[in-house]
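Single-structure report; data block below.
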Amino acid sequence: MHVLVTGATGYVGGRLVPRLLEAGHRVRVLVRDSSRLEGRPWVGQVEVVRGSLEDPTALRQALSGVEAAYYLVHAMLSEEDFPQAEER
């Protein structure tokens, strides 16, 4: 299965990606800052799309051809109005 993981640089996403790879899935990750993937042992085994969930072009590219997506992103620290940011 071709899977997209958003939030791959976080605690849960960073542990989910290797499990998906071990299970034989093709994994794509959407990250705002690809330098945050440095040092991850699995980085060479995934397709990296740079962009934001708020960028329609990056989001279309990230979702193209995937069969499942894990949404592991939150805006708690990046926005003053957390509920509104999460809804977007």
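So here's what we get for this one:
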item: Karplus (6.51, -1.76, 1.60) ³J(HN,Hα), θ = phi - 60°, over region 50-67, in Hz, Gly and Pro reported as x; result: 8, x, 10, 5, 8, 9, x, 5, 5, 5, 4, 4, 5, 8, 4, x, 7, 9
item: Sorted by Cβ density within 10 Å, fewest first, the residues SER35, SER64; result: SER35, SER64
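Each value in this text was obtained by applying a stated rule to the coordinates, not by laboratory testing. Values in this document were obtained by computation on a predicted structure and should not be read as measured data. Neighbour counts are summed over all protein chains in view; Cβ atoms, including those assigned to glycine, are modelled from backbone coordinates with ideal geometry.
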